[in-house]
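Okay, structure first, notes after.
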Amino acid sequence: MIQLYHHNIDRATPFPRLPSPYFLAFHVSLRRLLLRASRSAWLARQLSQRAFFRRATRRFMPGEDIGAALAAAADLAREGLGSVLTQLGEQVTSREEAAGVRDHYLRVLEEIRQRQLPAEISVKLTHLGLDLNPRACLQDLLALAARAAAVGSFLWIDMEESRYVDPTLELFQAVRAAHTSVGVCLQAYLRRTPADLEALLPLAPAIRLVKGAYNEPPDVALPKKRDVDAGLCGARRAAARARRPKRGARRARHPRSRPARPAARPGAGRRAAPGAYEVHMLYGIRAAEQRVLHSEGVPVRVLVSYGTRWFPWYMRRLASDRRMCGLW
């Protein structure tokens with residue numbers, strides 16, 4: 001299954017025409033500035049303590065603790081929407097910290113079981129210590145995938161900067177060989193993604209396709225939005241060739257923002273089989289359209305982020321999604 005996580009594709013309301021090249025230059029410069037800021041520990045310390053900045057994030061995450069995320073997942077479930085829970089954080093500096101992240105997600109999966117929530121989890125590999133010990137990271141992933149399968153949930157492996165693509169795909173394939181309850185994220189703006197997708201298709205994988213939100217050079221990532229959109233559409237065509245994995249009828253994933261029109265559904269006009277895809281959207285973004293899609297019979301999940309280390313995530317979101325700051 002291919003999870004399509006679109007960024008402003010087939011929008012009912014087209015992207016407004018920019019008034020001048022000066023505004024476009026401002027847009028590009030601001031995006032680069034925000035992406036650089038996302039890596040600043042000093043800015044994170046300064047701005048994370050500012051009340052106005054903390055208030056600004058509350059629209060897009062229900063709270064910093066897992067209790068708030070689980071409560072949000074329960075609210076979504078009552079409306080017929082699933083969820084994907086992710087604790088914000090990356091690039092830990094010790095194996096003890098990585099083990100703590102693993103144990104946290106094991107507890108989250110137990111909470112999902114006890115509360116009978118239609119929820120899944122998504123993890124970053126550097127949050128599990130990929131930089132420190134890839135073998136230990138693999139063992140942690142295997143433990144999470146086994147537990148996710150046991151409780152009827154699902155494990156998503158998120159994608160980070162381009163330098164992590166090869167090790168991420170290697171670990172995904174190792175876990176996928178042992179468990180079907182695991183999927184991986186691919187980023188449409190990376191030039192290598194079409195080849196990566198083709199290489200993964202024989203596994204009948206669950207793929208989360210996202211735009212990509214890191215600061216990459218133009219020889220690595222497509223710099224123009226229209227080219228990224230074309231890559232997303234290409235992945236939709238690849239989805240038609242993907243075989244359905246066992247137990248995967250509910251495992252196809254994820255557009256963040258899309259219009260409510262039926263024609264905009266991934267697979268529209270292609271006779272996509274029931275369960276061949278899901279629409280995933282961000283918490284706090286286009287909530288009304290999430291409900292409309294659900295009412296039309298489209299499976300919808302909402303990505304619910306939580307945790308205290310939200311500054312890099314929030315900066316990248318500001319850079320990639322104009323609706324989060326209203327600047328473009």
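The values are calculated or read from the model by the stated rules, or taken from the named source; none is laboratory data. It should be emphasised that the depicted structure is a prediction, and the values quoted were computed from it without experimental measurement. Cβ atoms come from the backbone with ideal geometry, glycine included; neighbour counts cover every protein chain shown. Heads up: the accessible areas ignore ligands, DNA and RNA and are worked out on the full protein's heavy atoms, side chains in. Shrake-Rupley method; radii C 1.70, N 1.55, O 1.52, S 1.80 Å.
Annotations for the structure displayed:
- Candidate set from region 100-110 (those that are open to solvent by 20 Å² or more (accessible area, probe 1.4 Å) and in contact with a Leu (Cβ under 9 Å, 6 or more places away or on another chain)); member that is nearest to Phe154 (Cα to Cα): Leu106
- Any chance Glu216 is of a type in the set (Asp, Glu), open to solvent by less than 10 Å² (accessible area, probe 1.4 Å), in contact with a Ser or Thr (Cβ under 9 Å, 6 or more places away or on another chain) and in a loop (DSSP other than H, G, I, E, B): no
- Residue match in region 170-178 (condition: surrounded by 21 or more Cβ atoms within 10 Å (Cβ to Cβ), of a type in the set (Lys, Arg) and in contact with a Pro (Cβ under 8 Å, 6 or more places away or on another chain)): yes
- Cβ-Cβ under 8 Å pairs, at least 6 apart or on other chains, region 218-233 side closer than 16 Å to Asp196 by Cα, far side β-branched (Val, Ile, Thr): Leu222/Val228; Gly231/Thr193; Leu232/Ile9; Cys233/Ile9
- Conditions (1) at pLDDT below 90; (2) open to solvent by 10 Å² or more (accessible area, probe 1.4 Å); number of the one not met by Pro202: (1)
- If only residues of region 91-136 that are touching a His at 6+ places or on another chain (Cβ under 8 Å) and part of a loop (DSSP other than H, G, I, E, B) are counted, the one that is modelled with the highest pLDDT is Val92.
- Test: residue in region 184-191 that is in a helix (DSSP H, G or I) and either at pLDDT 95 or above or under 18 Å from the mean Cα position of the chain (by Cα) (or both): no
- Filter result for Arg301 (open to solvent by less than 40 Å² (accessible area, probe 1.4 Å), at pLDDT 85 or above, touching an Asp or Glu at 6+ places or on another chain (Cβ under 6 Å) and part of a strand (DSSP E or B)): yes
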